[in-house]
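Provided herewith is a single structure, encoded as structure tokens, for subsequent inquiry.
The values are calculated or read from the model by the stated rules, or taken from the named source; none is laboratory data. Just so it is clear, the model here is predicted, and its values are computed rather than measured. A quick note on method: Cβ atoms are made from the backbone with ideal geometry, for glycine too, and the neighbour counts reach across all protein chains shown.
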Amino acid sequence: MMEQRIGIIDIGSNSVRLVIYERTASGAHRVIDGSKRPVRLSERITEDGSLSEEAVTELLDTLRHFGLICAHHQTGHIRAVATAAVRNAANRDQVLSRIQAESGLVIELLSGKDEAEYGFIGMINAMDVKDGYLIDIGGGSTELSLFQDRKLVHSISFPFGCVSLNRRFAAKGMVSDESMRALESLVSSSLSSVSWLRDLPGLPLIGVGGTVRSLGKISQAVTKYPFTQTHNYPITGDAVDQLFDQLRKLPLDKRRKFPGLSKDRTDLIVPGLAVLRVIYKAIHASHYKICGAGLRDGLFYTTRFPDRPKLSDVLSYSLQNLSALHPEAPKQHVSQVNRLGLQLFDFLHPLRQDKLPPRARVWLDTASTLFRIGASIDYYEYSKHSFYLITNSRLNGLSHREILIIGAIASYKSKNRVRQLLADYKELLNETDYQVIYELGILLHLAIALDRSETQAIGRLSMEEEGKQLHLLPVRSHGSLAVERREVEALSEDFYKLWSVSPVLAQTDYT
């Protein structure tokens, strides 16, 4: 197992984080442990620009602690990196030498360009987006990038972050009007010489890192957003402005109680959002979007797949990975249901006058691949558990609404059951979404019925529509289809209500 586990340690300017990734026996990747310690290195700089002795000692204690966690998990490879606070310290060489001598870790010192590139890999492997700006507001630096057609085009690192700006412009966590004007002026003047920032207005500003993740949690808490993931969560510019004004006015003791805001960011959130807003307006972005992946994910991908760290198909990789995390699902049966489901869709969809949404086939493809993963918890209630796992796992490349739709299709039993499952999320869906769920859900049920014996008896299937009947003709099959025929017949009436045709499995078994 040792060679199958990778530990990533990120020595940031605000906190030090550990993430341990595991490659399972079925080939899936997952996080099996993680830890975070706030260190505020950017605040612990002496007058000569060095990291203080106390800060280095505390950092070493954290790294030794992380080393024990990695040893407990028999982590075969540990990759440790440091960013702005160590990079800019006058005594960085002595700090790095001491860390290696006392902890055994060799620390990679990342440049601002490195940070931007790793952050981009982490983001682009987690989101289905072609063009946009990417921002990472750290404790001691801010990385900003432009990407087009899923390729990094420009990037720049600015020598300020939420911790260093808080130290410079805040008094006891509060930023006065005058200090705020000075902070915004500093950021604006830094942007003025970067010509490419004004090249492509109207693109989303995608954020990675702690500041933007905190923004997502705050926004969701304030609006009582029903879906718990912040990854791929969109926020308008006006909404961020309102939150910024609310937070800025609150004294620290009241800000600590603000919904969704963690205590270790009480004083950092205002300068962090100030930077974010200035850049958002400078690039004339269309909206914000939160990304749950970032630097550490980029480091993982470049470590695990050094030759080709960037994924070509985000959803396909994510789907395969989630399936592999639940190997209890019978692979051949799931593959057969997926194949038959898509074949049924391709035949029936062109016959409809009211066309399904453009992404409907993607939703059915995903749902028919994941419908049995709930059996890893309990076979008898697998549809319920599949819905939970789908909506609480990271399915990259999909919006929150799409994840809910897919989860409901995969666990479909009846219209009433769908309404019950989605009761807490109804504000994210509309009536058209429910109708699509019903239609694709019953289509998936028909595909399951066609392999009810789980023997893949139907090798090839031909279809003909005749009047109000959909004739299903096994062109090549082996064994009896009696079980499948009975299941199709039982489903016929419900299928007709949604698709206006009754499926009939041919009486003659072909061999």
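Has the range 270-280 got at least one residue that is in a loop (DSSP other than H, G, I, E, B) and not assigned by TED's automatic domain parsing to the domain that holds E43?
no
I want to confirm something. Restricting to the range 127-166 and keeping residues that are of a type in the set (A, V, I, L, M) and not in a strand (DSSP E or B), which single residue is surrounded by the fewest Cβ atoms within 10 Å (Cβ to Cβ)?
V129
Sort through K310, K355 and tell me the only one that's assigned to a loop (DSSP other than H, G, I, E, B) and either farther than 23 Å from W499 by Cβ or modelled with pLDDT of 95 or more (or both).
K310
Separate question: Restricting attention to the range 463-511, and to residues there that are among the basic types (K, R) and either outside any loop (DSSP other than H, G, I, E, B) or touching a Pro at 6+ places or on another chain (Cβ under 7 Å) (or both), which single residue is surrounded by the most Cβ atoms within 10 Å (Cβ to Cβ)?
R485
I've got another one for you. Taking the condition in contact with a helix residue (DSSP H, G or I) (Cβ under 7 Å, 6 or more places away or on another chain), touching a residue at least 12 places away in the same chain (Cβ under 8 Å), on the phi < 0 side of the Ramachandran plot and in the same structural domain as S97 (by TED's automatic domain parsing), does V31 pass?
For V31, the condition - in contact with a helix residue (DSSP H, G or I) (Cβ under 7 Å, 6 or more places away or on another chain), touching a residue at least 12 places away in the same chain (Cβ under 8 Å), on the phi < 0 side of the Ramachandran plot and in the same structural domain as S97 (by TED's automatic domain parsing) - is not met.
Output the residues belonging to the range 346-371 that are over 18 Å from S411 (Cα atoms) and either among the aliphatic types (A, V, I, L, M) or buried (at least 18 other Cβ atoms within 10 Å of the Cβ) (or both).
Answer for the range 346-371, where residues must be over 18 Å from S411 (Cα atoms) and either among the aliphatic types (A, V, I, L, M) or buried (at least 18 other Cβ atoms within 10 Å of the Cβ) (or both): L348, L351, L356.
Could you list all residues from the range 144-167 that are modelled with pLDDT under 95 and basic (K, R)?
Of everything in the range 144-167, just one residue is modelled with pLDDT under 95 and basic (K, R), namely R167.
Something else about it: Filter the range 1-42 for residues that are among the β-branched types (V, I, T), in contact with an Asp or Glu (Cβ under 9 Å, 6 or more places away or on another chain) and closer than 17 Å to L299 by Cα and give the result.
Correct list: I6, I8, V16, V19, I20, V31, I32.
Which of the residues spanning the range 92-109 are without any contact (Cβ under 8 Å) to a residue 12 or more places away in the chain and closer than 17 Å to H77 by Cα?
The answer is Q100, and nothing else.
Can you tell me which residue in the range 171-203 is modelled with the lowest pLDDT, limited to those that are basic (K, R) and assigned to a helix (DSSP H, G or I)?
Selected residue: R198.
Another question about this same structure. Scan the helices (runs of 4 or more DSSP H) fully inside the range 392-461 and keep the ones with 1 or more residues being more than 26 Å from K224 (Cβ to Cβ) and over 24 Å from the mean Cα position of the chain (by Cα).
By residue number, 415-421, 431-449.
Got a number for residues in the range 204-218 being touching a Cys at 6+ places or on another chain (Cβ under 7 Å) and not in a helix (DSSP H, G or I)?
Looking only at that region, the number is 3.
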